[in-house]
Amino acid sequence: MSVMPQPRDETSTAILEAAGTLLAKEGAEALTVRRIAAAAGCSTMGLYSRFGGKDGVVEHLFVEGFQQLNAAIAAVRVPDEPQPNLRACSRAYRQWALDNTTKYLVMFGGAVPGYEPTEEAKAVSHACFDSLVAAVSRAQQLGVMRAVPEAEAIAEVIWATMHGHVMLELVGMQATCHDPAERFELVIDQMERGWAP
């Protein structure tokens with residue numbers, strides 16, 4: 001049975017919301033089929049029939065997270081702009097992570113020990129990265145971003161830079177008392193200067 005997202009009904013939505021709440025408040029050990037179903041107000045059979053079990057629920061959180069993150073970044077892009085708006089896209093990335101911390105930690109932080117995304121789910125996550133690669137490639141072709149190294153390498157460094165800052169903020173690691181938002185702007189400044197032609 002595929003655990004990729006299917007059209008939702010009210011019960012499916014309640015199950016996913018319940019799982020997210022349990023994970024955020026009590027941690028991964030609270031994610032049992034029985035606990036999720038009880039919190040969602042449905043039967044365990046209802047959960048199994050929709051998601052195939054706990055892993056299916058987690059898989060949906062993972063996949064939807066990447067789809068929503070990609071949509072949040074795409075929403076701030078201007079289709080025909082000559083240079084990708086790295087600042088706007090980076091801000092959208094950070095804001096989505098702050099607004100959806102539980103999903104973000106499922107996606108990147110190993111919030112559910114033992115969960116391993118299926119190949120289908122990995123393809124969705126890679127599509128999100130591919131969008132960034134495409135934007136970098138376009139900027140290189142237009143001469144507004146450094147041509148070397150290749151687009152994939154630059155995209156990976158950009159993503160790693162944003163991700164590193166966001167993860168430190170989400171887990172409360174503050175080496176200084178500076179405002180994380182202000183510090184994130186400095187991160188973007190460095191990326192823009194570093195990848196300029």
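Over the chain, Cα pairs under 8 Å with separation of 6+ residues give a relative contact order of 20 percent. Taking every pair of alpha-carbon atoms in the chain, give the share separated by more than 25 Å as a whole percent. Everything past 25 Å amounts to 43 percent. When a/c reaches 1.5 or more, the comparison of a/b and b/c decides; with that in mind, is segment 101-197 rounded, prolate or oblate per its Cα gyration tensor? Judged from the Cα gyration tensor, segment 101-197 comes out oblate (a/c at least 1.5, b/c at or above a/b). Put in line by how crowded their Cβ is, counting other Cβ atoms within 10 Å and starting with the fewest, Leu186, Leu16 read Leu186, Leu16. Relative to the Cα centre, the charge distribution of the chain, modelled as +1 at Lys and Arg Cβ and -1 at Asp and Glu Cβ, gives a dipole magnitude of about 180 debye. Between Ala111, Gly172, Asn100, the Cα set farthest toward the positive side of the dipole of segment 60-194 (charges on each charged residue's Cβ, about the Cα centre) is that of Gly172.
Each value in this text was obtained by applying a stated rule to the coordinates, not by laboratory testing. In this text the structure is predicted, and so the values were computed from the model without any measurement. With ideal geometry, Cβ positions are generated from the backbone for all residues, glycine too; neighbour counts draw on all protein chains shown.
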